[in-house]
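Chemist: Here it is: the structure, laid out below.
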Amino acid sequence: MASPGVVSYEPPKMADNLFYETTPTGIEGLDQLLGGGFIRGRTYLISGETGTGKTLISLTFLLQGALKFGEPGIYVSVDETYEQLVMGAKRFGWDLEELRAKGLIEVLVPEMDLIERLREKDPTAIAKSLIASLRDYVVALNAQRLVIDPIAPLVTLDKDIQVLREYIRVLVMGIEREIGTTNIVTTEIPSGSTAISRYGVEEFLATGVLVTGIARTREGNFKRVLFIRKMRWSPVQPGLYEFEIVPKEGVVVKSQVKEPLLPVTFLPFVP
């Protein structure tokens, strides 16, 4: 019997088969570290300075999902034109136009005048408009994966930082709630910054955070490195791992880095 003024709460009975479903990223070496992959329907942030591999990680996730696991995907290319993305992918052995023709992927490139028009609207209205547009493409393709690379130009508005953060919150939560794809968003960290993301809110909304960088060994060799910063609801220990870029395979995560490294690009986690 509850005490006066105290309301007792009986938790609902949970179904025996209720659990977080995992979908493989398709990135060799990463799925083993994550216990199978990403949680389906959640959003993951790839952050790092320019030129550290964010786009290639995102493309590997999208293309391996389509080719290996039968999960069509949509790539929103905000910084590069369609032609630039197609030509860049070809250098790594990926034919995006062929995959589009087969209905495995779609590439969306927002026009700059559209972005400018959106900036004149209320940020919440912008987010809802983008979600509605993305949902139409997702339904048409039966897409299971979504990449927004990068998210920053879609939110660089002349607004207060708190308004921008609310915009990102509405956008990320709306995509998860109304679209249901498994998502990667990227953000570029300004050179010399000690932040994990551009606006200081993306990492809190994301289920997982991977930080990319380039580091130098004591011997003077350079390595691409990936820091597993956060993986919510996954038994993953934060760690620093070397990765390589392999033609037709994309990003391949190698062994954990244990030797001391000297930072070349932003690596707040490097000793």
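Chemist: By how many nm would the segment from E21 to A132 grow when fully extended, if each residue of separation counts as 0.36 nm and the alpha-carbon distance is taken off?
Modeler: 37.5 nm
Chemist: At a 10 Å Cβ-Cβ cut-off, how would you order F61, F222, fewest neighbours first?
Modeler: F222, F61
Chemist: Provide the percentage of antiparallel DSSP beta bridges, counting only those with both residues in the stretch 42-210; round to the nearest 5.
Modeler: DSSP beta bridges in the stretch 42-210 are roughly 0 percent antiparallel.
Chemist: Separation between the R91 and K254 pseudo-spin-labels, each 7 Å from Cα along Cα→Cβ, expressed in nm?
Modeler: According to this spin-label approximation, the distance is 2.1 nm.
Chemist: Please arrange R218, R145, R100 by how many other C-beta atoms lie within 10 Å of their C-beta, fewest to most.
Modeler: R218, R100, R145
Chemist: So between A101 and R40, what do we pick up on full extension, going 0.36 nm a residue minus the alpha carbon distance? Walk me through the numbers on the way to the answer.
Modeler: Details: separation 61, 0.36 × 61 = 21.96 nm, distance 2.58 nm.
Full extension of this stretch gives 19.4 nm more.
Chemist: Within a 10 angstrom radius of the beta carbon, how do E80, E21 rank from fewest other beta carbons to most?
Modeler: On the way: E80 15, E21 11.
Fewest to most other Cβ atoms nearby, the residues stand as E21, E80.
Chemist: Would you mind getting me the FRET efficiency between F69 and F222? Use the beta-carbon distance for r and R0 = 25 Å, nearest 0.05. Intermediate values should be presented prior to the final figure.
Modeler: Details: r = 32 Å, r/R0 = 1.30.
E between F69 and F222, to the nearest 0.05, is 0.15.
Chemist: Give me the Kirkwood hydrodynamic radius of the stretch 42-210 in Å, from all C-alpha pairs, to one decimal place?
Modeler: Roughly 16.2 Å, rounded to one decimal.
Chemist: So, in nm, how far is label V139 from label F204 when the simple model puts each one 7 Å beyond its Cα toward the Cβ?
Modeler: 3.3
Chemist: While we're here: Quick one: which of K102/K248; K128/K254; K90/K223; K223/K248; K102/K223; K68/K254 span more than 29 angstrom between C-alpha atoms?
Modeler: K128/K254; K102/K223
None of the figures in this text is laboratory data; all of them are computed from the coordinates on show. Note that this is a predicted model, so its numbers are computed, not measured. Cβ coordinates were reconstructed from backbone atoms using ideal geometry, including for glycine residues, and neighbour counts include every protein chain displayed.
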